[in-house]
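Reviewing the structure listed below.
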Amino acid sequence: MALLAVTSCGGGSDANDVDDTRPERDEPDASVATAPPVDTAVVEATTTVATTDPPVTDPPVTEPPVTDPPVTDPPITDSASEPFCAAAENFFVPGRALDFADINDPFTLRTVFESLNAAAPLVIELAPNDDDAALFVESKRLLDIATPGLEGAGYDLANAGAIVDGAAVGQALIDFGDLLGDMQGFLIDRCSSDRLDLDGTAQTYADDLALGVTPELPEVDLGEDLDIASDDGSITATVPATWSDVDGAPDGEVRRLAAAPDLEAFLLSYVVPGMIVVTGDSVTEDDWIERHQALLDASAGEGCTELSREDYDDGVYTGTEALLDCGDPATQTRIIGGRDSAGELFFLLAIVYPVGQTEIRDTIVESFLL
């Protein structure tokens, strides 16, 4: 995120050839007298052929191939990971509902895909490790291919000609359907989810869609919020418990406090959840306005579009709050600029949070102090 940069500036042989080495037989000489025959006992020829049993040999013993049993992670039992399983179910259910719903209904497709895109960042954020996150990361990648194409056609499959790169979108949808099968097995094995309960919830979701109602899924309990502070303690705020990657080091004369599930990823984009607030001494009464606009201009250079702008007043600080669309339908970005009541300090506050979780924004703006 360009926030800091802005604030800092204001061989073989033939077998037939074998030699016969046997001695030649001598023919009898007729001139030599022969002795008279000697009586010899006649020996009866035996008619019994001696038998010999063949040697007894045991059949060859072959050991079966050694195969390791499939490695599966044990079910999640620690309470800290329960929010992940709840968020994972909230992601799976809308996708599974498509098996029970009318996919030719644009309202159904739009609602399901908006729900999927909104749920993806949270489940990825809450995953205990990369292996647990893998199915959902891949699902989000496929959604990022399919969603723009469907959106361009108004989520109307009868308007297939309007889907940009329809072949890629179609393949992404097929692959996503395959992943849902793997995801159901993952939820049963890793999260101890009940198959019938999952299908029952998905059926109810589909029933609501048939009535033209946007379904509601259970709210994910993220646990206790986290109180954070800058290195010198001059800036404090309250953020979600999962935003535990914190940096409170100053940047020159500018004091700062940042937090996110993955702070490096947050600071490099306007679409990954996280927050950062910077503050310093005001030079003029309205210098925060120039800084705020510079940050908005920088976000536009990163592909963000300003959707709205309104006055900001939380009772302690006043200024302007802008809502941005930075190209990810799963997150919302807000940039607030202002000053304290005495006009001595300016501040810039950037917050990115999953769509629908405005309570994150409210918690931060109601708690931060300079």
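Read-outs: derived from the displayed coordinates by stated rules, not from any lab. This structure is a prediction, so every number in the text was calculated from the model and none was measured. Neighbour counts are summed over all protein chains in view; Cβ atoms, including those assigned to glycine, are modelled from backbone coordinates with ideal geometry.
Counting only other residues whose beta carbon sits under 10 Å from that of residue 316, what net charge do I get with K and R as +1, D and E as -1?
With Lys, Arg at +1 and Asp, Glu at -1, the neighbours total -4.
Label-point separation (nm) for residue 290 and residue 231, each offset 7 Å from Cα along Cα-to-Cβ?
2.8 nm
Among 158, 95, 118, whose Cα lies farthest out toward the positive end of the dipole of region 79-210, if unit charges sit on the beta carbon of Lys, Arg (+1) and Asp, Glu (-1)?
158
Any idea what the dipole of region 226-367 comes to, in debye rounded to 20, about its Cα centre with Lys/Arg Cβ at +1 and Asp/Glu Cβ at -1?
The calculated dipole for region 226-367 is roughly 280 debye.
Using 7 Å Cα-to-Cβ label points, what is the residue 367/residue 305 separation (nm, one decimal)?
Result: 3.3 nm between the two label points.
Quick one: work out Rg over Rh on the C-alpha atoms of region 226-367, Rh as Kirkwood radius.
Using Cα coordinates only, the ratio equals 0.93.
When only C-alpha pairs under 8 Å and at least 6 residues apart count, what is the relative contact order of region 93-161, in percent?
37 percent
What's the percent breakdown of Cα-Cα distances in region 79-210 across 5 Å bins, shortest bin first?
P(r) over region 79-210, rounded to whole percents: 2, 11, 21, 23, 20, 13, 7, 3, 1, 0.
So how many Å³ per residue does the convex hull of the Cα atoms of region 270-353 work out to?
81 Å³
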